[in-house]
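Data first, discussion second: the structure below is written as C-alpha cells.
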Amino acid sequence: MIRRTPFGIAFLTLVVFAVPAVGQTGRVSGTVTKSTDGTPVVGVRISVDGTPINTITGPDGRYVLRRVPEGPQVILFRWLGFRPQQATVTVRSATPGTVDIALVAQIISLNDIVVASASRVPERTVEAPAAISTIDRVTLRNKSISGQVPAALAQTPGVDIVQSGVNDFNLNARGFNSSLNRRVLVLQDGRDLSIAFLGSQEWNSLSMPMEDFAQVEMVRGPGSALYGANAFTGVLNITTPPARDVVGTKLSVGGGELSTIRGDLRHAGVSNDGRFGFRFNGGYYRSESFSRSRTAFDGSDVIGEYNDAADVPLVAGTTAAVPSCTGLSNCLFVERVPLSGQTLDATSGLVSGSPDELQNIYGSARFDFYGDDGSMFTAEGGAARVENGVFVTGIGRVQVPEAVKPWARLAWGNDNVNVMAWYSGRKSLEDQVSLSSGIGLKESSSILHAEGQFNESFDNDRLRLVAGASARKYLVDTDGTLMSLLNDDRSDNYFSGFAQLEYRPIPQIRFLAAARVDNGTLFDTQFSPKAAIVFSPSENHSLRATVNRAFQTPNYSEFFLNVPAGIPTAALAGAEVAVEAPLSGYYAQLTDPLVVGPALAGAMSALNLNADLPWNFLPQTPILAQGNSALEVEKVTGFEIGYKGTIENRGYVSVDVYLNKLSNFVTDLLPGVNPAFGPFDLSTTVPADLAQIDAILAGAGLPPTHPLRVGAAQLLAGYEMALAGVQGATGPALTTVGGNPAIVVSYANAGKVDEMGVEFGIGYGITPELRVDASYTYFDFDVKEAGFAAAGQDLIPNTPKHKGTGSITFTGQQGFDAGASVRVNDSFDWAAGVFTGRVPSNQFIDANIGFRVNNYLRIYAVASNLLDQQRFQLYGGSIIGRRILGGMTATF
C-alpha cells in the first residue's frame, strides 16, 4: 500500500511527466577494445546520436544501450585519449543489435574537454569565458588514497594551496589567503560543502573517494554573477557520476606512512531495463597526523618543531601565560592543552604519549530514475564521521575529537531545466577544544537550500539564456560556547536570482552579460554584474576579456564570535601591585599627622589618592575573541584577459592576466580594529595628583632633597614605567568588556588593494602515452589603503610572488603508468590574526607508479613530498613531511 503523502504525490507526478510514451525500442550492446592489442577499454562514453540515451563501458569493455528507438541509429564512441568513432546499426525490438569497436589512441587535446562551470551550461574549455582548468582522472586516481582534494589542484596555475596538517588545507586563488579561507566556493553536484559557522571546508569529511569523481573543474576569478556569495576568487565544481555510469563493484585498499590505512567500497547497478540506478559508497580512513602539541611552558616544543624549517631561529621564552618566543607574535602559539591522547606534565608543560589518530568513516547512497527524454531524478544522501582533526583558526588551533556531517540531495533535470534541494549538517558529538584557551566548543548547524535553473537557445543557437533563483536557510547553535546566548541558536535566510544572456552574432564571436542579486538576513542587497567577450578565430584558439564583480559575506564567527582566545594573564594585576603597594604606603605617611603635621595631613587626605586609582585589574585578565555585528561584505571587481589554444592537437597553452580591485577586507582577529572595543581608560589622575603632592610639599617649605619629595618623584616615575609596561604588553588590545578590563581581539572592515597577476600554463603530448605539463604564476599587489595601523599589522597577501609547477606522466598501453611532479614556491610573509611570521620557500616533489595487472586489478604507490623536505606552509601550521602510500584497486 502506498501512502499518499504530499512528497509521494509530487514524486509520482514528476515521474509521470518525466517519462513520455515512446514507440518500440530495443537494445544495442557490444565491446570496446584498443586497436593495438585488443584489450578492453573501461569508461568509454557511448551514446545514440540525436537522443539522450548513453552509457559507459565496464571493466570488461562491454556496454549495453537500453530503450533505443527502432530503426537505423548512429552510435557514437568517445573517450579522452582515443579518436572519436561512430557506427550505424538497425535496431529491432525482437533482436538486440551488436556493435564492437576498436579505438585508436590519440593525444588528449584541449578541444576534447567540455566544462560546465564557467557558464553553468556545457561548452568546450577552449571557448569558456573564464580562466578554467580541469583535473584529469589520473591525478584524481593517484591522490585518492590520501583523501586530500586540494592536493589534486597543486599543478593548477593561479591556485594557492597551503597545508597545515594531514587534512587541514586552505584552498585559494589569486592572493590574500588566510587561516580559514573561504574565497573559493566549493560545490559537489551543486551542494555547497562549506561549514555553516565558518564558511570554510572540512576536507576530511567527503562521502566519496576522489577516484570516483566524474569531473573536477576549477574556475579562477570572481564568480558571484553566477554563483553568489563567496565565489570571491573562484569556484571549485566537483561532479559525481550517475549510478549507470559506474555499474559494478569496486574495492580500493591501501596504506603506508603515518600508519595510514584506507579502504573504499563502491557498488552500483541498474534495474527495470535501465530505468532505475543505484550506487552505494562506504569507506574507512585512519592515519597519524603531522600536528604536534605545543604546551611546553618555555616554548621548547614549538622551537623543536619550527627551528629546522624556519628562516629565522626561534628562542624559547619563560612563562606559559605570555611566552616571549622571538618570531612568535603572541601568547597563542604556546597552548594550554595537549592533543587528544597525550598527557600534560604540570611542571614543565611537556607531554607524553602519542596523539590519537585521525579517523574518518563515511557512507552514502544514490538512487536515480532515468527518463526516456534524457531527464533524470536523483535522491541521495550520506554522512561522514570525523575524529581528532586539528585546524588552524583565528583563535589558534582547534581540535575536533568527534563530529558527524550528514547530508541529502534531491534533483531533477533535463537539457533545459534543473531543480534541486539539499541539506548539509554538522554536529559536534564531543566538544571541540581550543588548544590555546582549553575551553570546549560546541556546534550544531544545518544548511537547507533549494534552487532552480532554466536555459534555452534561440535563433538557431545564436542566442542563449540561462536564469535561476535560489533560497537558503542557515541554522546555527553553539550552546553559548562560540557565540553569546543573545546571538546564538540562529535562523537566517538568504535569497538570490540570476540571469546570463549569450549572443553569438557570428560563429567566431560570443558576447556574454550576466547579473545576480543576493539578499540575506545578515547582509544588505548585493548586485553582481559580469560582462565578457570571447573571440575564437578557429576552433583551436580563443581570446577573451571579462569584467566581474563579486562579494564575500562575513561568517558567523566574524559577526558573533564570543569566546576566550587564550589563557588569562596575570601580567596586568602584577603591574597594578607594582604601583598600588608603594603608593598606599607612601599615602599612609602623607596622611599621618604625627609624620607631616595636622595641616599637611589634612591637605593630603583631601586628595583621596586611593579612590583615584585608574585601574582595578582582576587577578587574571581575560583574553577574548569578539565578533563584530556591524561588518560589511568584502567586494572585488576583476578585469581579465586570457588566451587558450591547442598546439597541433597535441598540447595546449593558456595565459591569463588580471587586475582585481579589492575593498572592505574583513580583518583577521586583531587588537584595536573594532570601534566597539575602545582603548581602556588609563586615566592620568594619579600622575596629576602625584605632581600636586610635590607642589604642596614644596609650598610647605620642604626642599627637593627631602625624603617625602624624593618619594613623590620616585612614585611618579614608577607609575609611568608600569603604565608603559601595560601599554607595551597589550597595545590597543586592552579594553573594557562588561565594565571590566579585558584583552580583546576582534574583526573590522579595512583596506583597499589592487592585485595583479599572470597565470601561464602549457602542456604537450609527446606521444599518446607520454606528456609534460608546466605552469608559472606571478602575483603582485599595491595597497591603496591599509586600515590596519591600530593593530600594528600590515596588509599582506599571504601568497608567494612567484611559484611554478612541472610534471611528466606516462600511461603505457601495457598497463604500466608513472609520473612525477614538482611544485616550487617563493618564501613569503604570513600575517593572519594571531600568527605572524615568514613562510620559507619550498620545493615539493610528488611521484606515483602503478601497474594494471588486468582490467580488473591495479596496484600502485604514490609519494607526496618525496624528498621529505621539512616545511610549514602557513605560519602557525604543522611541519609537513613525506608520505608514501600504496594500495590496490579491484573492479568486479
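Assign unit charges at the C-beta atoms only (+1 for Lys and Arg, -1 for Asp and Glu), then state the dipole size of the chain relative to its Cα centre in Debye, rounded to the nearest 20. Don't jump to the answer; show the numbers that get you there.
Working: 67 positive and 83 negative charges, 635 e Å.
Here the chain has a charge dipole of around 3060 debye.
With an 8 Å Cα cut-off and a minimum separation of 6 or more residues, compute the relative contact order for the chain in percent.
Values: 2404 pairs, mean separation 100.6, N = 892.
Contact order relative to length: 11 percent.
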Original post:
Given that just one value was derived from the coordinates, which of [x] 14, 46, 33, 7, 0; [y] 10, 20, 16, 18, 22, 11, 2, 0, 0; [z] 13, 42, 29, 10, 4, 1, 0 is P(r) over Cα pairs in 20 Å bins from 0, in percent?
Top reply: [z]
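Would you be so kind as to identify all helices of the chain, as entire DSSP H runs, whose Cα atoms reach 24 Å or more along the helix's own axis and whose mean Kyte-Doolittle hydropathy is at least -0.5?
Working: long enough: 571-590 (29 Å, 0.72); 707-730 (34 Å, 0.67).
Span-like helices, by this rule, are 571-590, 707-730.
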Subject >> Three-way shape call for the stretch 109-264 based on the alpha-carbon gyration tensor, with the a/c threshold at 1.5 >> reply: oblate
Original post:
With every protein chain present, what accessible area does E380 have (1.4 Å probe, heavy atoms only), rounded to the nearest 10 Å²?
Top reply: 20
Subject >> Which listed pairs, of K427/K473; K143/K427; K661/K801; K530/K784; K635/K661; K405/K473, have C-alpha distances above 20 Å, in listed order >> reply: K143/K427; K530/K784
Subject >> Surface per residue (accessible, 1.4 Å probe) for the chain, Å² >> reply: 39
Original post:
Of K784, K801, K473, which has the most accessible area with a 1.4 Å probe, and how do the rest follow in descending order?
Top reply: K784, K801, K473
**OP:** Give me the accessible area of L358, 1.4 Å probe, in Å² rounded to the nearest 10.
**Re:** 10
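Tell me, what is the FRET efficiency for T347 and V404 to the nearest 0.05, using R0 = 35 angstrom and their Cβ-Cβ distance as r?
On the way: r = 38 Å, r/R0 = 1.08.
With a Förster radius of 35 Å, E is 0.40.
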Original post:
Using mean Cβ contacts within 10 Å as the protection proxy, how do 149-158, 847-856 order, highest first?
Top reply: 149-158, 847-856
Original post:
Got a number for carbon plus sulfur as a percent of the chain's accessible area, 1.4 Å probe?
Top reply: 59
Original post:
Given the protein chains as shown and a 1.4 Å probe, how many square angstrom of W830 are accessible, to the nearest 10?
Top reply: 0
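The values are calculated or read from the model by the stated rules, or taken from the named source; none is laboratory data. What you see is a predicted model; the values in this text were computed from it and never measured. Note: ideal-geometry Cβ built from the backbone for every residue, glycine included; neighbour counts use all protein chains shown. SASA here: full protein model, heavy atoms, side chains in, ligands and nucleic acids out. Shrake-Rupley method; radii C 1.70, N 1.55, O 1.52, S 1.80 Å.
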